[in-house]
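I have placed the structure first, in the form of structure tokens, so that the comments after it can refer back to it.
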């Protein structure tokens with residue numbers, strides 16, 4: 001029903017801004033439509049690598065305002081609308097992105113519509129229904145993951161792991177999880193590798209895809225990550241840039 005391309009699988013400042021991995025977000029293809037989720041640094045390059053020109057996009061979805069999720073938002077909007085010569089596209093976004101000036105003012109008129117997303121609401125992109133999560137625990141920002149029920153796919157974006165939040169993502173075929181850290185840190189609002197067994201225990205997806213790797217996690221190494229997850233009997237996949245997913 002849908003196809004997903006992970007344009008970037010890097011998370012955390014060092015990984016993203018040293019170019020170790022891209023943080024270009026992901027593409028969701030549905031019928032003949034294309035939705036770009038979280039166009040952070042590397043988004044444009046990722047699109048072109050996958051032979052998708054920005055003017056072929058139909059909508060952009062922002063989960064929250066952090067730079068690794070919005071760094072190329074303005075470039076992508078400019079490209080989608082062909083510099084404003086073709087008014088088109090929907091931007092789904094938390095209100096903070098607009099209020100804090102992350103989207104440049106002149107680009108607002110280039111878009112066909114801006115939809116402000118709220119927690120626990122359903123939004124339509126053509127015939128695709130996207131349900132937003134409860135508010136995530138991420139430094140007090142307006143941060144929402146989502147579930148596409150018809151594809152049994154969920155995106156568990158940045159948050160401290162919390163059972164009330166995780167319950168929203170239960171029993172999906174595919175759950176994409178942003179896992180930045182190797183171990184939990186008190187004042188860092190991200191999921192760590194050591195949290196993944198708890199995440200899996202609550203959500204129980206058929207396939208759990210780990211993405212958004214931070215530097216310490218990458219240095220820990222794929223083999224060690226794999227061994228840890230295998231010992232916990234978790235059906236996992238470790239994501240990589242430009243990986244394609246068919247839920």
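The values are calculated or read from the model by the stated rules, or taken from the named source; none is laboratory data. This structure is a prediction, so every number in the text was calculated from the model and none was measured. FYI the Cβ positions are ideal-geometry reconstructions off the backbone, even for glycines, and counts take in every protein chain you see.
Values for this structure:
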| quantity | calculated |
| --- | --- |
| From 208, 217, residue being in contact with a strand residue (DSSP E or B) (Cβ under 9 Å, 6 or more places away or on another chain), surrounded by 12 or more Cβ atoms within 10 Å (Cβ to Cβ) and not in a strand (DSSP E or B) | 217 |
| Given (1) assigned to a strand (DSSP E or B); (2) within 22 Å of residue 90 (Cβ to Cβ); (3) touching a residue at least 40 places away in the same chain (Cβ under 8 Å), index of the condition residue 180 fails | (2) |
| So residue 178, is it touching a strand residue (DSSP E or B) at 6+ places or on another chain (Cβ under 9 Å) and surrounded by 22 or more Cβ atoms within 10 Å (Cβ to Cβ) | yes |
| Region 8-25 - residue that is in contact (Cβ under 8 Å) with a residue 40 or more places away in the chain and not in a loop (DSSP other than H, G, I, E, B) and, of those, farthest from residue 127 (Cα to Cα) | 14 |
| Residue satisfying condition, being closer than 25 Å to residue 179 by Cα, at pLDDT 95 or above and buried (at least 23 other Cβ atoms within 10 Å of the Cβ), within set 43, 59 | 43 |
| Residue within region 76-86 that is touching a residue at least 12 places away in the same chain (Cβ under 8 Å) and under 14 Å from the mean Cα position of the chain (by Cα) present | no |
| Candidates 28, 5, 34 - the one that is buried (at least 23 other Cβ atoms within 10 Å of the Cβ), in a strand (DSSP E or B) and in contact with a strand residue (DSSP E or B) (Cβ under 9 Å, 6 or more places away or on another chain) | 28 |
